[in-house]
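Chemist: Quick one: the structure is below, questions incoming.
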Amino acid sequence: MKFKDIKFNKTEIPSGIQAMLNFGDYDLSIVKSDFSYGGKSGLYEIAVFKGDGQVEMPGITETGDTVKGFLSEDEVEAIIKKMHLVGGADPEQIQ
């Protein structure tokens, strides 16, 4: 999946957008808003979920953190490719 293929939905947060992609057991949240890390600069924040909780994922998020911010579109696309390899499933947009 390419970044341009992602369909973002508006959030309740002013000027916020979000998309959720599923990779088998894992979901990837991609957010940009005035309150996300890098959002005011036009950059994106991601978080990885498994079940109902956010999880740390080596190679995707930093050690000890479940969120990674200040990401360009190209960096988000690279994370989608990594999630595909780790999750073992093609990305499917769920939100």
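Chemist: When only C-alpha pairs under 8 Å and at least 6 residues apart count, what is the relative contact order of the chain, in percent?
Modeler: So the answer I get is 30 percent.
Chemist: For Lys10, go through the lysines and keep the ones whose alpha-carbon is under 17 Å away, minus same-chain ones fewer than eight residues off.
Modeler: Once the sequence-local lysines are set aside, what remains near Lys10 is Lys32, Lys40.
Chemist: Charges at C-beta only: +1 for Lys and Arg, -1 for Asp and Glu. How large is the resulting dipole of the chain about its Cα centre, in Debye rounded to 20?
Modeler: Approximately 240 debye in magnitude.
Chemist: I would also like to ask the following. Keeping all protein chains in place, calculate the accessible area per residue for region 1-82 (probe 1.4 angstrom), answer in Å².
Modeler: Per-residue accessible area for region 1-82 comes out at 58 Å².
Chemist: Right, next: Pick from Glu12, Glu73, Glu62 the residue whose mean-square fluctuation is largest in a GNM of the chain, springs joining Cα atoms under 10 Å.
Modeler: Glu12
Chemist: In the neighborhood of Tyr44, defined by Cβ-to-Cβ distances under 10 Å, what is the net charge if each Lys or Arg adds +1 and each Asp or Glu adds -1?
Modeler: -1
Chemist: What does the helix-only formula give at 222 nm for the chain: each DSSP H stretch with n ≥ 4 adding -39500 (n - 2.57), the total divided by the residues, and the result rounded to the nearest 500 deg cm²/dmol?
Modeler: -5000 deg cm²/dmol
Chemist: Something else: For Val55, enumerate residues with amide H under 5 Å from its amide H, sequence gap 5+ or separate chain, H modeled in the peptide plane.
Modeler: Here Val48, Phe49, Lys50 satisfy the definition.
Chemist: Looking at region 1-82, which trypsin sites (Lys or Arg not before Pro) are in a loop (DSSP not H, G, I, E or B) and have at most 14 other Cβ atoms within 10 Å?
Modeler: Lys2, Lys7
Chemist: Springs between alpha-carbon pairs under 10 angstrom, Gaussian network model over the chain: which of Leu85, Leu28, Leu71 fluctuates most?
Modeler: Leu85
Chemist: May I ask you to list the chymotrypsin sites (Phe, Trp or Tyr not before Pro) in region 1-82 that are in a DSSP loop and have at most 16 other Cβ atoms within 10 Å of their Cβ?
Modeler: Phe8, Phe35
The values are calculated or read from the model by the stated rules, or taken from the named source; none is laboratory data. Small disclaimer: the values here were computed from a predicted structure and weren't measured. Methodologically, a virtual Cβ is constructed for each residue, glycine included, from the backbone with ideal geometry; neighbour enumeration extends over all protein chains shown. When the accessible area is computed, the model is the full protein with side chains, heavy atoms only, and any ligands, DNA or RNA have been set aside. Shrake-Rupley method; radii C 1.70, N 1.55, O 1.52, S 1.80 Å.
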